[in-house]
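Participant: Dropping the structure in here first, questions after.
The values are calculated or read from the model by the stated rules, or taken from the named source; none is laboratory data. In this text the structure is predicted, and so the values were computed from the model without any measurement. As a convention, Cβ positions derive from the backbone with ideal geometry for all residues, glycine included, and neighbour counts pool all protein chains shown.
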Amino acid sequence: MPTTAKTKAKNTAERKTRRVQSAKTARKQPDMNALEMLEQDHREVEELFDQFDELDDGAEKEEIARKICMMLTVHAQMEEEIFYPAARKATQDDDLIDEAVVEHASAKKLIAEIEKMEAGDDLFDAKVRVLGEQVKHHVREEEDELFPELDRIDLDLEELGAKLAKRKEELLKKLQAA
C-alpha cells in the first residue's frame, strides 16, 4: 500500500520525538547501557530513512541508502552476535528472539538487493521504503516488548553495552576499510 503524505508526516513526527528523547538520554550518560545504545542506533537509522524520503536527487538518495544499509548491517550483526544470545539466556523468551532473527534475515535480503542497485533503478525507492517499514516494525517490537522485559531482569546492561560498543567499532572499521 502506498504511503500517503499524511502518514509520512505523522511517522516523521513520531520518529523525531523519539530521537529527541533518545538524544537527551545519550547526553546524560556518555557510557550507554545496551538498551540506550541500541535505541540510539534506531533513532539514527530512522533519521536516515526520513532524509531519504525527503530527497529527489538520485545521487543523494543512493548515498543515504548506502549509509542505511551499512548501519543496519552493523546493527544486526552486533545484535545477533552479542545482544540476542544474552537476551535469550536472560529472558528464556525464545519466541521473541526467534522472530527478531527472522526479521533480520528478511532485512538482510532486502539490503543485499539494494546494495546491488543504483538510484533510478526500477524499485530502488520502493525497496528502501519497504526496508524502512520493516525496520520500523522491528524497532517497535524490540523497544515495546523486549527492552522492557530486559530492564526488569537481572542483566548487566552496562557491561553488555560496552561489549556492543566495542563490536560496533570493530565492524565499522572493517566495513570502512573494505
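Participant: Tell me which of these Ala178 doesn't satisfy, since it passes every other one: (1) more than 18 Å from the chain's Cα centre (by Cα); (2) without any contact (Cβ under 8 Å) to a residue 40 or more places away in the chain; (3) surrounded by 13 or more Cβ atoms within 10 Å (Cβ to Cβ).
Facilitator: The number of the failed condition is (3).
Participant: Now for a separate question. Could you list, in sequence order, the residues of the range 81-98 that are assigned to a helix (DSSP H, G or I) and either surrounded by fewer than 15 Cβ atoms within 10 Å (Cβ to Cβ) or at positive phi (or both)?
Facilitator: Step one: filter the range 81-98 for residues assigned to a helix (DSSP H, G or I), giving 81-91, 94-98.
Glu81, Pro85, Lys89, Asp94, Asp95, Asp98, listed by residue number.
Participant: Answer with yes or no whether Glu118 is within 14 Å of the chain's Cα centre (by Cα), of a type in the set (D, E, K, R) and surrounded by fewer than 19 Cβ atoms within 10 Å (Cβ to Cβ).
Facilitator: No.
Participant: Here's a follow-up. Would you be able to tell me the number of residues in the range 76-89 that are free of Cβ contacts under 8 Å to residues at least 40 places away in the same chain and either among the charged types (D, E, K, R) or within 14 Å of Lys174 (Cβ to Cβ) (or both)? Outline the logic, then answer.
Facilitator: Our first condition is that a residue be free of Cβ contacts under 8 Å to residues at least 40 places away in the same chain; within the range 76-89, this holds for 76, 80, 84-85, 88-89.
Narrowing the set further to residues that are either among the charged types (D, E, K, R) or within 14 Å of Lys174 (Cβ to Cβ) (or both) leaves 80, 88-89.
Final tally of qualifying residues: 3.
For (1) touching a helix residue (DSSP H, G or I) at 6+ places or on another chain (Cβ under 8 Å); (2) under 19 Å from Glu44 (Cβ atoms); (3) charged (D, E, K, R); (4) assigned to a helix (DSSP H, G or I), each residue gets a yes or a no:
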{"site": "Cys69", "(1), (2), (3), (4)": "yes, yes, no, yes"}
{"site": "Val101", "(1), (2), (3), (4)": "yes, no, no, yes"}
{"site": "Asp121", "(1), (2), (3), (4)": "no, no, yes, no"}
{"site": "His138", "(1), (2), (3), (4)": "yes, yes, no, yes"}
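Participant: I'd like the residue in the range 142-162 that is touching a helix residue (DSSP H, G or I) at 6+ places or on another chain (Cβ under 7 Å) and outside any helix (DSSP H, G or I) and, out of all such residues, is farthest from Asp41 (Cα to Cα).
Facilitator: Ile153
Participant: Here is a list of conditions, (1) at pLDDT 95 or above; (2) out of contact with any Leu (no Cβ under 8 Å at 6 or more places or on another chain), and Asp154 meets all of them except one; can you say which number that is?
Facilitator: Result: Asp154 passes all but (1).
Participant: From the list Phe83, Phe124, which one is under 29 Å from Lys163 (Cα atoms) and not charged (D, E, K, R)?
Facilitator: Working: Phe124 fails: under 29 Å from Lys163 (Cα atoms).
After applying the criteria, what remains is Phe83.
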